[in-house]
1. Could you please find all residues in the range 57-79 being hydrophobic (A, V, I, L, M, F, W, C) and surrounded by fewer than 20 Cβ atoms within 10 Å (Cβ to Cβ)?
2. Within the range 67-81, does at least one residue satisfy the condition of being touching an Asp or Glu at 6+ places or on another chain (Cβ under 9 Å), modelled with pLDDT of 90 or more and either assigned by TED's automatic domain parsing to the domain that holds I250 or assigned to a helix (DSSP H, G or I) (or both)?
3. Can you name the residue in the range 42-55 that is part of a helix (DSSP H, G or I) and surrounded by fewer than 12 Cβ atoms within 10 Å (Cβ to Cβ) and is also modelled with the highest pLDDT among such residues?
4. Being in contact with a Pro (Cβ under 8 Å, 6 or more places away or on another chain) and under 27 Å from V52 (Cα atoms) narrows it down to one residue among M246, M225; which is it?
5. Taking the criterion of being at pLDDT 85 or above, in contact with an Asp or Glu (Cβ under 8 Å, 6 or more places away or on another chain) and surrounded by 12 or more Cβ atoms within 10 Å (Cβ to Cβ), would at least one residue in the range 129-151 satisfy it?
6. Does A36 meet the test of being closer than 23 Å to M274 by Cα, touching a Ser or Thr at 6+ places or on another chain (Cβ under 8 Å) and modelled with pLDDT under 90?
7. Output yes when any residue across the range 95-110 is crowded, with 18+ Cβ neighbours inside 10 Å and part of a loop (DSSP other than H, G, I, E, B), and no when none is.
8. Which of the numbered conditions does T251 fail, given that it passes all the others? Conditions: (1) within 23 Å of the chain's Cα centre (by Cα); (2) more than 21 Å from G66 (Cβ to Cβ); (3) not charged (D, E, K, R).
Amino acid sequence: MSSVRSSRSVLPGFGLSLGFTLAYLGLIVLVPLLAAFIRTSEMSWADFVTAVASPRVLASYKLSFGASFLAALVNSFFGLIVAWVLVRYSFFGKRVVDALVDLPFALPTAVAGIALTAIYANNGWVGGWMEPVWTAAVAKLDAWMPWASWKDWLGLKIAFDRPGVFIALTFIGLPFVVRTLQPVLEELEPELEEASASLGANRWQTITRVIFPELLPALITGFAMAFARALGEYGSVVFIAGNMPMHSEITPLLIITKLEQYDYHGATAIAVVMLVSSFCLLLLINLLQKWSRRHHRV
């Protein structure tokens, strides 16, 4: 049966298709990444450590990875709710809401950054009333626990500070979670919930023991995609971050800064660290996803 299908395949044979696939991936993905490693290998170990472990670079790592992780977590929670509403309910304007989910895909990142900055600045529609509330909340936290340095961690403003970075990364990562969960929810029959209720399970038990195990692999995938997308984001963040060294400067911006200073080795060294870190994190998340699927089958 498989030989019949392969002989009737519209595309060329396996060998030719595989050759095109490997050649395309090599030219588009592997060659540029290999060039970064080759340029970094020209540095001595001492120069490499100096380039990737200076206090300014470490601060950018902390912000980029931390804000991306938090944004992916928030998108995982609210993206699940959005996907559930779009799949399970019919309401007026549903198609408009469904199209709005894809807006971060189509919107240029620079336009998104400018729009978010205009909205969340202290004279914007949201920032005008939200920023005083945020400032008061941070001040109270700082008074209760001054040793925690809440002002340094959270920032006193929304736009042009760390909260702006978090908002921008959340904005661009939401579609990855929603679009990953939607097909799984569409295949998840409502009869499973009815059967669970007929067997005496309450809503919480139905969610945790029936629905969530089915959605967990897709949720992990959506989290990984949102995290990876946020980790490399530049255009929408650079306008709203404030770009203060050691505080609200993300790693992609630091790479651009080094390129503008003609420090190509320093830029590629930081890029290699980000590349290796992203690969390791994605590998870990994929292993967790594989474990989740195997555990669910058992």
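1. If the condition is that a residue be hydrophobic (A, V, I, L, M, F, W, C) and surrounded by fewer than 20 Cβ atoms within 10 Å (Cβ to Cβ), then L58, A59, F65, F69, L70, L73, V74, F77, F78 are the ones that fit.
2. Yes, the range 67-81 contains a residue that is touching an Asp or Glu at 6+ places or on another chain (Cβ under 9 Å), modelled with pLDDT of 90 or more and either assigned by TED's automatic domain parsing to the domain that holds I250 or assigned to a helix (DSSP H, G or I) (or both).
3. P55
4. M246
5. Checked the range 129-151: no residue is at pLDDT 85 or above, in contact with an Asp or Glu (Cβ under 8 Å, 6 or more places away or on another chain) and surrounded by 12 or more Cβ atoms within 10 Å (Cβ to Cβ).
6. yes
7. No: zero hits.
8. Only one criterion in (1) within 23 Å of the chain's Cα centre (by Cα); (2) more than 21 Å from G66 (Cβ to Cβ); (3) not charged (D, E, K, R) is unmet by T251, namely (2).
The values are calculated or read from the model by the stated rules, or taken from the named source; none is laboratory data. Keep in mind it's a predicted model, so treat the numbers as computed, not measured. All Cβ positions, even for glycine, are placed from backbone atoms using ideal geometry, and neighbour counts span all protein chains on display.
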